[in-house]
Amino acid sequence: MIKIHNITMKYKGSNHPAIKDINVDIDRGEFVFLVGPSGCGKSTFIRLLIRELVPTKGDIFIAGHDIVNMRRWKVPQLRRNIGCVFQDYKLLPNKTAYENVAFALEVIGKPSRIIRAQVPEVLRLVGLEDKSESYPDELSGGEQQRVSIARAFVNRPAIILADEPTGNLDPATSGDIMALFNKINRTGTTVLVATHDREMVDNMRKRVLALEEGTLIRDQQRGVYGYEE
Amino acid sequence: MSFRPFYFIKESLKSFRKNWIINIAAITTVALSLLVLGFFMFVAFTANSWMKMTEQKVEVVVFLNDGVPAESVEAMQSEIMSWDDVRKVTYVSKDQALERLKKEFKDSDMLSMIEGNPLPASFEISLKSPDKADDVVKRLKGRSEIESIRHDRQTVERLINFTKMARWVGIIFAGLLAFASLVLIANAIRLAIYARRKEIAIMRLVGASNWFIRWPFLLEGITQGLIGALIAVILLSIIQTAINENVKKFLAFLPNGLPTQTYYQLIFALVIAGIMIGAAGSALALRRFLRV
């Protein structure tokens with residue numbers, strides 16, 4: 001599903017590459033944690049996958065498409081197939097939970113018949129069917145993140161990318177959110193979660209990719225966050 | 001698929017309400033610049049049609065001495081007629097001249113004071129081009145049959161200069177103002193982009209097509225240009241009516257404003273110019289502030 005071949009990413013004006021010679025293959029339906037301390041290149045990694053950044057070197061294939069050499073007008077099509085979740089939720093404050101999710105479908109031109117069918121369904125999946133008329137500031141952090149996950153998943157993408165999705169949440173809520181990602185993963189969706197939540201990673205025993213200073217230092221099936229220091 | 005008019009119109013209206021001051025400013029400058037452009041074009045067109053009218057009128061009038069025999073008159077007429085610069089020569093006899101005078105002053109009792117016929121016979125010479133008047137006058141001078149020569153060269157020249165000036169002043173002023181309105185529209189669009197940056201970020205994230213993101217802003221700029229143009233057109237037609245009515249009161253011989261067809265062409269050109277200014281302004285803002 002995701003094939004990363006020898007990518008290096010160097011930001012302009014910086015001497016050290018943010019990502020250095022990384023090779024990773026992620027299969028369809030996998031659940032992968034991307035771990036490492038702040039500034040290790042996790043976010044850069046995710047931004048490369050949605051082509052917000054273009055690597056300095058190397059190739060990235062998503063579902064067989066070469067996204068490094070992809071034409072600019074094709075990028076939206078790529079992004080429709082990847083759902084993104086962020087630490088700060090990125091919800092629109094003047095829209096209800098329902099409208100926030102519906103917005104993602106509206107702007108890619110889905111007919112309203114489909115929107116009316118899919119939005120309640122995905123809100124039910126994330127457990128927010130009762131809160132669909134609430135505005136973000138009326139929702140708890142965990143609930144806001146569920147809305148954001150619903151928005152990422154409503155178009156049934158093949159891949160979900162999450163960048164520190166539990167960074168602002170307490171441990172119990174974080175557990176719920178991870179359970180939700182697990183549920184989504186069981187529908188056959190490939191899930192990649194960047195996190196530095198050690199407890200979560202250790203509990204779930206999924207594949208772990210560990211980054212340090214831009215280098216992939218470990219790729220472990222049923223792994224843990226890190227070796228005890 | 002990515003062009004959905006109602007969605008875009010809704011979004012444009014929303015953003016207009018949010019930033020109405022800068023939007024009004026942008027529309028006002030568009031209106032002002034097109035009004036100036038339109039006004040000077042109107043003046044230039046009018047002056048042009050005066051000029052055409054003057055060109056068709058007599059440009060050189062040659063007054064003849066009394067008692068020139070008919071054969072010499074005829075010979076002279078055909079000689080003048082044979083010159084390259086001359087388009088038409090009309091002979092006006094003493095009787096015809098008096099006849100004309102009577103017609104022009106038929107309501108006045110001035111005529112009763114005239115005894116006999118003091119008016120001279122004349123040739124009215126119209127030229128192919130008004131600036132050839134000098135040559136013709138030079139050639140005619142000094143002939144014994146001729147009493148005096150009158151020509152309207154200066155008037156014509158002034159009219160030509162005035163038209164040219166009106167055109168240039170109009171183009172320069174309108175150009176400056178158009179540039180100002182372009183910048184203001186770009187600024188209004190920039191604010192609109194800034195106000196919706198979160199939505200734009202999410203749109204990009206979920207894969208809205210680039211044109212889907214751009215359209216509302218482009219449409220907003222075009223609408224501003226269009227509204228500005230319509231205001232300019234309305235003001236211009238008010239001004240034109242006012243000028244026509246007042247000028248006609250004391251200069252009845254002037255042509256009646258612009259021909260309808262020219263007037264519609266002018267309006268059409270202004271509306272197109274407004275739309276282009278709007279589109280260019282928003283394109284400028286999109287290029288600089290909306291990297292999709």
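The values are calculated or read from the model by the stated rules, or taken from the named source; none is laboratory data. Keep in mind it's a predicted model, so treat the numbers as computed, not measured. Reconstructed Cβ throughout: ideal geometry from the backbone, glycine too, with neighbour counts over all protein chains shown. The accessibility values were calculated without ligands, DNA or RNA, using every heavy atom of the protein model including side chains. Shrake-Rupley method; radii C 1.70, N 1.55, O 1.52, S 1.80 Å.
Listed values, structure above:
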{"item": "Unique match (being at positive phi and not in a strand (DSSP E or B)) among A:188, A:223, A:167", "result": "A:188"}
{"item": "Extreme residue, farthest from residue B:210 (Cα to Cα), among residues of the stretch A:54-75 that are within 14 Å of chain B (Cβ to nearest Cβ) and open to solvent by less than 20 Å² (accessible area, probe 1.4 Å)", "result": "A:62"}
{"item": "Any hit, the stretch B:186-195, residues being within 14 Å of chain A (Cβ to nearest Cβ) and more than 40 Å from the chain's Cα centre (by Cα)", "result": "yes"}
{"item": "Filtered residue count, the stretch A:76-104, keeping only those that are assigned to a helix (DSSP H, G or I) and more than 8 Å from every other protein chain (Cβ to nearest Cβ)", "result": "6"}
{"item": "Test for residue A:169: is it touching a Gly at 6+ places or on another chain (Cβ under 6 Å) and in contact (Cβ under 8 Å) with a residue 12 or more places away in the chain", "result": "yes"}
{"item": "Within the stretch A:42-53, tally of residues that are open to solvent by 10 Å² or more (accessible area, probe 1.4 Å) and touching a Lys or Arg at 6+ places or on another chain (Cβ under 9 Å)", "result": "3"}
{"item": "Selection count, the stretch B:1-48, where residues are within 14 Å of chain A (Cβ to nearest Cβ) and of a type in the set (S, T, N, Q)", "result": "2"}
{"item": "Subset of the stretch A:4-40 (residues that are under 20 Å from residue A:83 (Cα atoms) and assigned to a loop (DSSP other than H, G, I, E, B))", "result": "A:27, A:28, A:29, A:30"}
